[in-house]
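So the structure is just underneath, and the comments pick up after that.
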Amino acid sequence: MLATRVFSLVGKRAISTSVCVRAHGSVVKSEDYALPSYMDRRDYPLPDVAHVRHLSASQKALKEKEKASWSSLSVDEKVELYRIQFKESFAEMNRGSNEWKTVVGAAMFFIGITAILIILEKRYVYGPLPHTFDKEWVAMQTKRMLDLKVNPVDGLDSKWDYDKKVWKK
Amino acid sequence: MARLSHQKCTPDFHDKYGNAVLAGRTTFCIAVWTYVATQIGIEWTLSPVGRVIPKEWRD
């Protein structure tokens, strides 16, 4: 009766859950990921569960002792209680690492591979440079540009000393 | 206190090889790129100012 009423309100999932309840008794098994979990986060300092869930006998005894006055606990016992509750301290959680060295090294490596690809490209793919890039041609071209007074204010011609026929220092 | 040096007991890959990886690969990168820039005949079209001696072109 109750099951069918829930079914009409919620849907088929309620039927299967209530079937499970009848099958297993009174405990419904949830998946691990559906339960509250532990996390070490700066912005969530007190996690939902303790780090150690299944306590050993000595740890259980310690937990009993914790219920009494805390001044009776030794320093080691306090640390033990802390370690039961938390996996890493804030200092451990926030520690830097040397991962950046590997990352930058890997990036440099692949940039180096790019250079090798360019070598192969220049060797096997590109044709010869045009003749206008020969040293002699560029020298004659520069002289012609100076004769034509190219860019005399701020550019090429302003850098040439016409009286001494040398580049200005 | 007792267990604060937890990380230091087990140095990870980056602690062991990080410096070597960084230094080695950066050298490789710089070496290869210097080779590319200077040795294989790429024309960078640098400015002729201070570099090229003009030559008479009117024959």
Elements of type helices (runs of 4 or more DSSP H) contained in the stretch A:61-162, each with 3 or more residues being free of Cβ contacts under 8 Å to residues at least 60 places away in the same chain and more than 38 Å from the chain's Cα centre (by Cα): A:135-147
How many residues does the stretch A:144-168 contain that are of a type in the set (K, R) and either more than 9 Å from every other protein chain (Cβ to nearest Cβ) or within 15 Å of B:S47 (Cβ to Cβ) (or both)? 4
As an exercise: evaluate A:W137 against (1) open to solvent by 60 Å² or more (accessible area, probe 1.4 Å); (2) more than 10 Å from chain B (Cβ to nearest Cβ); (3) touching a His at 6+ places or on another chain (Cβ under 7 Å) and give the number of the one condition it does not meet. (2)
Of A:S69, A:S89, the only residue that is exposed (fewer than 15 other Cβ atoms within 10 Å of the Cβ), among the polar types (S, T, N, Q) and either more than 30 Å from B:Y17 (Cα to Cα) or out of contact with any Phe, Trp or Tyr (no Cβ under 6 Å at 6 or more places or on another chain) (or both) is A:S69
Scan the stretch B:19-35 and report the pairs whose first residue is open to solvent by 60 Å² or more (accessible area, probe 1.4 Å) and whose second residue is not in a helix (DSSP H, G or I), with Cβ atoms within less than 9 Å and a gap of 6+ or a chain change. B:N19/A:N98
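The values are calculated or read from the model by the stated rules, or taken from the named source; none is laboratory data. None of the values given here were measured: they were computed from a predicted structure. All Cβ positions, glycine included, derive from the backbone under ideal geometry; neighbour counts span all protein chains shown. These area figures cover heavy atoms from the full protein model, side chains too; ligands, DNA and RNA do not enter into them. Shrake-Rupley method; radii C 1.70, N 1.55, O 1.52, S 1.80 Å.
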